[in-house]
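The values are calculated or read from the model by the stated rules, or taken from the named source; none is laboratory data. Remember, predicted model here, so these are calculated numbers, not experimental data. Note that we place each Cβ from the backbone using ideal geometry, even for glycine, and neighbour counts take in every protein chain shown. Surface accessibility is based on the protein's heavy atoms, side chains included, excluding ligands, DNA and RNA. Shrake-Rupley method; radii C 1.70, N 1.55, O 1.52, S 1.80 Å.
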Amino acid sequence: MSGGYARKYTLDLEKRRGTVDQLFHNIWPPSAVNPRNPQDYREVNEECTKHVKMLSEKIMEWLSEGLGLRREAINEVVGGEYLLNVNYYPPCPHPDVIRGLNPHTDVSGLTLLITNEIPGFQVFKDDQLIEVEYIPFAVIVNISDQILRLSNGRYKSVLHQTTVDKERIRMSWVVLVRPTKDTVVGPFPELIGQDDPPKFRPMLYKDYIYRKVRYLPFSDLDS
Ligand SMILES: O=C(O)CCC(=O)C(=O)O
Ligand SMILES: [Fe+2]
């Protein structure tokens, strides 16, 4: 979906509930931007999008070079659309039991986010949970599923979750840099060789989303 509003309650395997309100809409390309109004909101988004795009394209260039590929390689597959997702986590009297978002990797290629000053972004590394420190004006950058697949697993898609605060509202502004729905994403052929068999089947991005949101298997080649 390219825009909307959702109140998400999720139940994970440990039966812990997560709760968050989300407002989301495309901010790129211009033809996909919605809502068109109010005008001042659109203008602020347009200005912000310019900077977000510059930053994400720079990061994708570095990631492409890190794989020994042309600088544009990752952006050409992943940079088709930018979705802004504003998360609003209401205060919750039981932050020990209720999460914000349950553990997940993002479906996009790359994710850039900023948060308000309430901590709550946590990543899993080597089975350890690490609280990401809040640094004013810092942008958090996550590698997400499509760059994992393009890189044939050389870049890992970061598993993360969010917590809620007892008394204060937590908010985050998340930009998902993602392929257009009809883009096929699979490992770059340059990365495949006798010693590096493909780990993922090429798949249309829309089919990937369909399977991911329904927890369906991907029939990946390493599973
Ligand atoms: O709220 C956050 O800090 C991150 C939100 C997040 O992981 C997401 O929207 O996918
Ligand atoms: Fe996420």
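Pairing residues of segment 35-56 that are at positive phi with residues that are loosely packed, with under 10 Cβ neighbours inside 10 Å and at pLDDT 95 or above, at Cβ distances under 6 Å and at least 6 apart in sequence or on separate chains, gives no pairs at all.
Could you list, in sequence order, the residues of segment 100-126 that are of a type in the set (Asp, Glu) and either closer than 17 Å to THR163 by Cβ or more than 15 Å from the chain's Cα centre (by Cα) (or both)? Within segment 100-126, GLU117, ASP126 meet the criteria. Within segment 153-179, the set of residues being of a type in the set (Ser, Thr, Tyr) and either closer than 22 Å to HIS25 by Cβ or open to solvent by 80 Å² or more (accessible area, probe 1.4 Å) (or both) comprises THR162, SER172.
Remark: GLY193 matches the filter, which requires a residue to be small (Gly, Ala, Ser), without any contact (Cβ under 8 Å) to a residue 24 or more places away in the chain, farther than 26 Å from GLY3 by Cα and surrounded by fewer than 19 Cβ atoms within 10 Å (Cβ to Cβ). Among the residues making up segment 130-152, those that are open to solvent by 60 Å² or more (accessible area, probe 1.4 Å), in a strand (DSSP E or B) and touching a residue at least 12 places away in the same chain (Cβ under 8 Å) are GLU131, VAL141. For VAL107, state whether it is near ligand 2 (Cβ under 10 Å from one of its atoms), hydrophobic (A, V, I, L, M, F, W, C), surrounded by fewer than 22 Cβ atoms within 10 Å (Cβ to Cβ) and part of a loop (DSSP other than H, G, I, E, B). Yes: the conditions hold for VAL107.
When ASN26, ASN45 are checked against the criterion of being modelled with pLDDT of 90 or more, assigned to a strand (DSSP E or B) and either out of contact with any strand residue (DSSP E or B) (no Cβ under 7 Å at 6 or more places or on another chain) or of a type outside the set (Val, Ile, Thr) (or both), ASN26 stands alone in meeting it.
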